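Right, one structure below, let's go through it.
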Amino acid sequence: MLDMKTACSQEEYLDTYNQVNQIIADKVYEYSEANTLIIIQDYPLLMVPHYICSKDHKLSISFYFESPFPSLDIVRTLTNKKQILDSLLCCDLICFNTSEYLKIFSSVMAKFYGTSL
């Protein structure tokens, strides 16, 4: 099993990672109806919001992080960090297990987008 840092920073895995996320997003979209709330959970699916949003901006997307959001030091090492963060911005709601995880996410977003949440 690949962790997020490995799966998202090594070029040989990045294409496969995106393809899997695209396939999942296509299936979720295929079975979604108007007013569907789509709940996505954890790192293997970070790009799914992007692919769903690119098809239909009207679907409600929620992303749930059960695990801690990676620190700024880790996010900086990711080849596709901007795509991942942009994908999360497609979500209507982002949920975290603890307020500490939210603080980490907020600091990362502030660094890359110059705004606090």
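Quick notes on this one:
- Computed extension length for Ala110-Leu14: 32.1 nm, one decimal, from 0.36 nm per residue of separation with the Cα-Cα distance subtracted.
- Near Phe63: Cβ cut-off under 15 Å, other residues only, Lys/Arg at +1 and Asp/Glu at -1. The net charge is -4.
- HN-Hα J in Hz across the stretch 43-49 - Karplus 6.51, -1.76, 1.60, θ = phi - 60°, x for Gly and Pro: 4, x, 10, 4, 8, 4, x
- Which of Thr98, Thr36 is most accessible, then next, and so on - probe 1.4 Å: Thr98, Thr36
- At the residue level, Asp56 shows approximately 40 square angstrom of accessible surface with a 1.4 angstrom probe and all protein chains present.
- Evaluated over the chain, the count of Lys pairs having alpha-carbon atoms less than 28 Å apart is 19 (only pairs 8 or more residues apart or interchain).
- Relative contact order computed over the chain (Cα-Cα under 8 Å; 6+ residues apart), in percent: 25 percent
- For the chain, the dipole from Cβ point charges (+1 on Lys and Arg, -1 on Asp and Glu) about the Cα centre works out to 380 debye, to the nearest 20.
- Prolate/oblate/rounded call for the stretch 51-114, Cα gyration tensor, a/c under 1.5 rounded: oblate
- Top positive-direction residue, dipole computed over the chain with Cβ charges, set Pro68, Leu88, Phe112: Phe112
- As computed over the stretch 1-106, the Cα convex hull volume per residue (Å³): 96 Å³
The values are calculated or read from the model by the stated rules, or taken from the named source; none is laboratory data. The shown structure was predicted, so the numbers you read here are calculated from the model rather than taken from an experiment. Here Cβ is always computed from backbone atoms with ideal geometry, including for glycine, and neighbour counts include all displayed protein chains. Surface areas here come from the heavy atoms of the whole protein model, side chains and all, with no ligands, DNA or RNA. Shrake-Rupley method; radii C 1.70, N 1.55, O 1.52, S 1.80 Å.
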